[in-house]
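S.K.: This structure is in structure tokens; I'll ask about it shortly.
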Amino acid sequence: MKIRKIILPVCLTLTGLTLTSFTPESTAEDVKFSGYLLADADYFDEFYSKADADDAATDSSWHSEIRALKVSARWKHENLRFKGQYKWQSGGGEWGDLLISYRTDAVNVFAGRSEPATSQEANMSYKQLPVIERSLPVRAFAAGQSDIAGIDWRRSEQQLQLALFRNDDDHIGVQLRFSQQALSDSLLWAVAAEQRDLQGDNYQIKTRAAAHLSDKVIRSPRFYADQQNLLQADIALINDLGWFSAEYWLTSTTAVSGDEFTLHGSYWQWVYNTRQSYRIADFETGSRRKQLTGSWDYVVRVEWLDLQDQGYGARASNWLAGVNYHPYKNLSLMANLIHNQAAGQLVSSAADAEQASGNALSLRLRYLF
């Protein structure tokens, strides 16, 4: 695959278009700044820590952190758009999205650094996310921040997107995603397919069962990988009864030896906001911030992840109940209570006969600016 040779020229071309288009007529009013601050406190038991005490980062107690402070800048001039982000967190600072696009009513060409639009939740900002952490399958399978170039076509209530990307593990891939809004924009569904070249690297998924400060106790088989194919489907429905959403992920990864490992996962979620603040617009699900003030969210989520195949790896499931209070449109207080069960080859200090369960409580203060 020659994705690297394609992405770089497109990025340089669009960067040149942006610079030449930034004329004296463009003013500071064209630039909009925003961001968010996330302050977290988590409690979890020994299930969420590794069995090797010398290697464990955490134990059964309260832990707190400034999860993230992100600042974003958006600029637009006629058909050109630019988005830049920088994030500070406990491990230091890093760049987020750096994306340039040229948009018309029907076509959007983009390049830079961002996350491939694999699923609704994977690309939903923490500014909009109704739960504290993303679901198990999203954390396990999404490509994450990548160098990316692509194009999407929009026609009425349909969107087709093609993207080429290279993630931080230097794995390159191609993605095709189709989305459709229906029922007067109260229903959004999408399907996506990806192929990734893993270049013979040592491959293993390691993910946390719940809280961000816990250890990565859920793991897949470990092997040298060649190619990976991924299928994904998601749906969201918003009506007077609340916001219903679900996603399913399926991956097939071929090892250099020729063995094939099939891993998959899903989540089902219901959110009820007392002021019906959530909506579907522009092929995304989010909130009407002005309507959030004084409202409550009640959240129920069931999720599972199967990283076990050919007798290796582990599987896990979570039951989550959450409540969010939005005293102001830019301030949210969030709480998630989580019960986890897991089996297989676990590295948890609570593992007994290859089975374990645990409980966690996560709290978050989210401030938007």
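The values are calculated or read from the model by the stated rules, or taken from the named source; none is laboratory data. Only a predicted model underlies this, so the values are computations on that prediction, with no experimental measurement involved. All Cβ positions, even for glycine, are placed from backbone atoms using ideal geometry, and neighbour counts span all protein chains on display. Each accessible area value is taken on the protein alone, full model and side chains, heavy atoms only, with ligands, DNA and RNA left out. Shrake-Rupley method; radii C 1.70, N 1.55, O 1.52, S 1.80 Å.
S.K.: Let me spell it out: the conditions are (1) under 16 Å from S220 (Cβ atoms); (2) surrounded by fewer than 18 Cβ atoms within 10 Å (Cβ to Cβ); (3) among the hydroxyl-bearing types (S, T, Y); (4) touching a Ser or Thr at 6+ places or on another chain (Cβ under 9 Å), and T253 meets all of them except one. Which number is the exception?
M.R.: Result: T253 fails condition (2) only.
S.K.: Can I ask one more? Would you check if Y224 is of a type in the set (S, T, Y), within 16 Å of the chain's Cα centre (by Cα), more than 30 Å from H63 (Cβ to Cβ) and part of a strand (DSSP E or B)? Can you show your working first?
M.R.: Details: of a type in the set (S, T, Y): yes; within 16 Å of the chain's Cα centre (by Cα): no; more than 30 Å from H63 (Cβ to Cβ): yes; part of a strand (DSSP E or B): yes.
It is false that Y224 is of a type in the set (S, T, Y), within 16 Å of the chain's Cα centre (by Cα), more than 30 Å from H63 (Cβ to Cβ) and part of a strand (DSSP E or B).
S.K.: Next up: Looking for whichever is at negative phi, touching a residue at least 60 places away in the same chain (Cβ under 8 Å), open to solvent by 30 Å² or more (accessible area, probe 1.4 Å) and not aliphatic (A, V, I, L, M) here; the options are R134, R139, R155. Which one fits? Talk me through it step by step, then tell me what you get.
M.R.: Numbers: R134 fails: touching a residue at least 60 places away in the same chain (Cβ under 8 Å); R155 fails: touching a residue at least 60 places away in the same chain (Cβ under 8 Å).
Just a single option satisfies the conditions, and that option is R139.
S.K.: Kindly provide the set of residues from the range 125-135 that are touching a Phe, Trp or Tyr at 6+ places or on another chain (Cβ under 7 Å) and not polar (S, T, N, Q), ordered by number.
M.R.: Within the range 125-135, Y126, K127 qualify.
S.K.: Then there is this: Can you find even one residue in the range 78-98 that is open to solvent by 20 Å² or more (accessible area, probe 1.4 Å), assigned to a loop (DSSP other than H, G, I, E, B) and of a type in the set (K, R)?
M.R.: No; the residues of the range 78-98 include none that is open to solvent by 20 Å² or more (accessible area, probe 1.4 Å), assigned to a loop (DSSP other than H, G, I, E, B) and of a type in the set (K, R).
S.K.: Could you tell me which of the residues G344, G313, G286 is among the small types (G, A, S), within 30 Å of V191 (Cβ to Cβ), modelled with pLDDT of 95 or more and crowded, with 16+ Cβ neighbours inside 10 Å?
M.R.: Answer to the selection: G313.
S.K.: Further, regarding this structure: Among (1) out of contact with any His (no Cβ under 8 Å at 6 or more places or on another chain); (2) open to solvent by 80 Å² or more (accessible area, probe 1.4 Å); (3) touching a residue at least 24 places away in the same chain (Cβ under 8 Å), there is one condition N336 misses while meeting the rest; what is its number?
M.R.: (2)
S.K.: Within the range 184-206, which residues are more than 19 Å from the chain's Cα centre (by Cα), farther than 20 Å from L346 by Cβ and either open to solvent by less than 10 Å² (accessible area, probe 1.4 Å) or in contact (Cβ under 8 Å) with a residue 40 or more places away in the chain (or both)?
M.R.: Those that are more than 19 Å from the chain's Cα centre (by Cα), farther than 20 Å from L346 by Cβ and either open to solvent by less than 10 Å² (accessible area, probe 1.4 Å) or in contact (Cβ under 8 Å) with a residue 40 or more places away in the chain (or both): D185, S186, L187, D197, L198, G200.
S.K.: Scan the range 170-183 residue by residue and report those that are surrounded by fewer than 20 Cβ atoms within 10 Å (Cβ to Cβ) and of a type in the set (V, I, T).
M.R.: Within the range 170-183, the first condition is being surrounded by fewer than 20 Cβ atoms within 10 Å (Cβ to Cβ), and the residues that meet it are 170-171, 174, 176, 178, 180, 182-183.
Once the filter is applied, which keeps residues that are surrounded by fewer than 20 Cβ atoms within 10 Å (Cβ to Cβ) and of a type in the set (V, I, T), the range 170-183 yields only V174.
S.K.: Kindly evaluate A209 against the criterion of being crowded, with 20+ Cβ neighbours inside 10 Å, assigned to a strand (DSSP E or B), in contact with a strand residue (DSSP E or B) (Cβ under 9 Å, 6 or more places away or on another chain) and in contact (Cβ under 8 Å) with a residue 60 or more places away in the chain.
M.R.: When the stated conditions are applied, A209 does not pass them.
S.K.: If you scan the range 159-195, which residues turn out to be more than 18 Å from G286 (Cβ to Cβ), of a type outside the set (D, E, K, R) and in a loop (DSSP other than H, G, I, E, B)?
M.R.: Across the range 159-195, the qualifying residue is only H171.
S.K.: Of the conditions (1) touching a residue at least 40 places away in the same chain (Cβ under 8 Å); (2) open to solvent by 60 Å² or more (accessible area, probe 1.4 Å); (3) under 26 Å from Q181 (Cα atoms); (4) aromatic (F, W, Y), Y367 clears all except one; give me its number.
M.R.: For Y367, the exception is condition (3).
S.K.: Keeping to the range 154-207, report how many residues are aliphatic (A, V, I, L, M) and within 13 Å of G144 (Cβ to Cβ).
M.R.: Residues that pass the stated criteria total 1.
S.K.: Could you count how many residues in the range 254-289 are among the acidic types (D, E) and in contact (Cβ under 8 Å) with a residue 12 or more places away in the chain?
M.R.: 2
S.K.: Quickly run through the range 111-125 and pick out the residues that are open to solvent by 10 Å² or more (accessible area, probe 1.4 Å) and either farther than 22 Å from A281 by Cα or touching a strand residue (DSSP E or B) at 6+ places or on another chain (Cβ under 6 Å) (or both).
M.R.: Across the range 111-125, the qualifying residues are G112, R113, S114, A117, Q120.
S.K.: Could you list, in sequence order, all residues of the range 217-226 that are crowded, with 16+ Cβ neighbours inside 10 Å and without any contact (Cβ under 8 Å) to a residue 60 or more places away in the chain?
M.R.: F223, A225, D226
S.K.: In the range 239-294, what residues are over 23 Å from N336 (Cα atoms) and part of a helix (DSSP H, G or I)?
M.R.: Restricting attention to the range 239-294, the residues satisfying the condition of being over 23 Å from N336 (Cα atoms) are 239-240, 249-264, 280-284, 290.
Within the range 239-294, K290 is the sole residue that qualifies.
S.K.: Turning to a different aspect of this structure: Among the residues of the range 99-110, count how many are among the polar types (S, T, N, Q) and crowded, with 16+ Cβ neighbours inside 10 Å.
M.R.: Result for the range 99-110: 2.
S.K.: Between S49, S21, which is touching a Leu at 6+ places or on another chain (Cβ under 6 Å), of a type in the set (S, T, Y) and modelled with pLDDT under 95? Talk me through it step by step, then tell me what you get.
M.R.: Numbers: S49 fails: touching a Leu at 6+ places or on another chain (Cβ under 6 Å).
Selected residue: S21, the only one of S49, S21 that is touching a Leu at 6+ places or on another chain (Cβ under 6 Å), of a type in the set (S, T, Y) and modelled with pLDDT under 95.
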